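Below you'll find the structure, written out as structure tokens, and then a few comments.
The values are calculated or read from the model by the stated rules, or taken from the named source; none is laboratory data. Just so it is clear, the model here is predicted, and its values are computed rather than measured. Cβ: placed from backbone, ideal geometry, glycine included. Neighbour counts: every protein chain shown. These area figures cover heavy atoms from the full protein model, side chains too; ligands, DNA and RNA do not enter into them. Shrake-Rupley method; radii C 1.70, N 1.55, O 1.52, S 1.80 Å.
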Amino acid sequence: MKIALMDSGIGLLAATAAVRRLRPDADLVLSLDPAGMPWGPRTPEDLTSRAVAVAEAAAAHAPDALIVGCNTATVHALTTLRTLLEPALPVIGTVPAIKPAAAGGGPVAIWATPATTGSPYQRGLIRDFAGGVPVTEVPCRGLAEAVEHADQPAIDDAIAAAAALTPRDVTTVVLGCTHYELVAERIRAAVQRPGDPPLVLHGSAGAVAAQALRRIGARPEPEAPTRGVVTVLLNGRQGALPAPALAYDEGRLLESVTPAH
């Protein structure tokens, strides 16, 4: 089994680690766009063009499925990627976990990039899946970029700024950018109020990994032998995991399992 994941940078690590935990025997192909990141500020047309190039580089390695490990790329490029690659290669997008978060009753905060916050796409998800639940959209300025570069002081500052915009009665936070899942516990610590029930965080990585397996008719086998290899593509050329990846548990998991190449 071979699963490919794509993103402009290391935001794909959360879903990659989730796949690794479900199927340690699966080979992984990580296709990144260091020459074009970040994707968020790009026009939809430009982003889609870059996403297609990154996806085609991954597809050349004949994976069984391709995960788009980026919320923004899913919004703008998923339809194009599916038209181009399916049915031969199933393409799985990443959607903010608003539906399961709202099922808990709220109040809910959605932490997302400034470009996604207030967008018709996110507002549509809120309308469709969070009717009757109090929802606050929180723009997290600079957080994805700080996580991408493992800039610890900048991460702290961005989380503190977003926490200050989060209502005190929030019980659930949706991590609406894949980068945020890499610092989930730091977000929890910043938002949790003393004496309140434990804050609930909803990321997308686990659901995306499980959906990828379902699309190819595979079952989770977390006890399988850890023999899958990792191939890293940087603008289509084989390389190594970017150094900042190793600042996170998810990146170290890949390094500890098998050398990335």
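Odds and ends about this structure:
- Test set (1) modelled with pLDDT under 95; (2) open to solvent by 30 Å² or more (accessible area, probe 1.4 Å) - Leu165 fails condition number: (1)
- Pairs meeting the criteria (first residue in the stretch 95-120 and under 16 Å from Cys177 (Cα atoms), second residue among the aromatic types (Phe, Trp, Tyr) and surrounded by fewer than 19 Cβ atoms within 10 Å (Cβ to Cβ), beta carbons under 6 Å, at least 6 apart or on different chains) are Ile98/Phe129; Lys99/Phe129.
- Qualifying positions in the stretch 106-144 - within 20 Å of the chain's Cα centre (by Cα) and part of a strand (DSSP E or B): Val108, Ala109, Ile110, Trp111, Ala112, Glu137, Val138, Pro139
- Subset of the stretch 96-132 (residues that are open to solvent by less than 10 Å² (accessible area, probe 1.4 Å) and either in contact with an Asp or Glu (Cβ under 6 Å, 6 or more places away or on another chain) or modelled with pLDDT under 90 (or both)): Ile110
- Positions within the stretch 145-194 being part of a helix (DSSP H, G or I), among the small types (Gly, Ala, Ser) and either farther than 19 Å from Gly69 by Cα or touching a residue at least 60 places away in the same chain (Cβ under 8 Å) (or both), in sequence order: Ala154, Ala158, Ala160, Ala161, Ala162, Ala163, Ala164, Ala189, Ala190
- Residue in the stretch 238-248 that is open to solvent by less than 80 Å² (accessible area, probe 1.4 Å) and either in contact with a Lys or Arg (Cβ under 9 Å, 6 or more places away or on another chain) or more than 22 Å from Cys70 (Cα to Cα) (or both) present: yes
- Evaluated against (1) out of contact with any strand residue (DSSP E or B) (no Cβ under 6 Å at 6 or more places or on another chain); (2) open to solvent by 40 Å² or more (accessible area, probe 1.4 Å); (3) of a type in the set (Val, Ile, Thr), Val135 falls short on exactly one condition, (1).
- Cross-chain or 6+ apart pairs with Cβ under 9 Å, the stretch 197-212 first and under 10 Å from Leu175 (Cα atoms) and among the acidic types (Asp, Glu), then part of a helix (DSSP H, G or I) and open to solvent by 30 Å² or more (accessible area, probe 1.4 Å): none
- Here the strands (runs of 3 or more DSSP E) wholly within the stretch 1-70 that include at least 3 residues being within 22 Å of Pro244 (Cα to Cα) and either in contact (Cβ under 8 Å) with a residue 12 or more places away in the chain or open to solvent by 30 Å² or more (accessible area, probe 1.4 Å) (or both) are 2-6, 27-32.
- Scanning the stretch 71-95 for residues that are modelled with pLDDT of 90 or more, among the hydroxyl-bearing types (Ser, Thr, Tyr), surrounded by 20 or more Cβ atoms within 10 Å (Cβ to Cβ) and not in a loop (DSSP other than H, G, I, E, B) yields one hit, Thr74.
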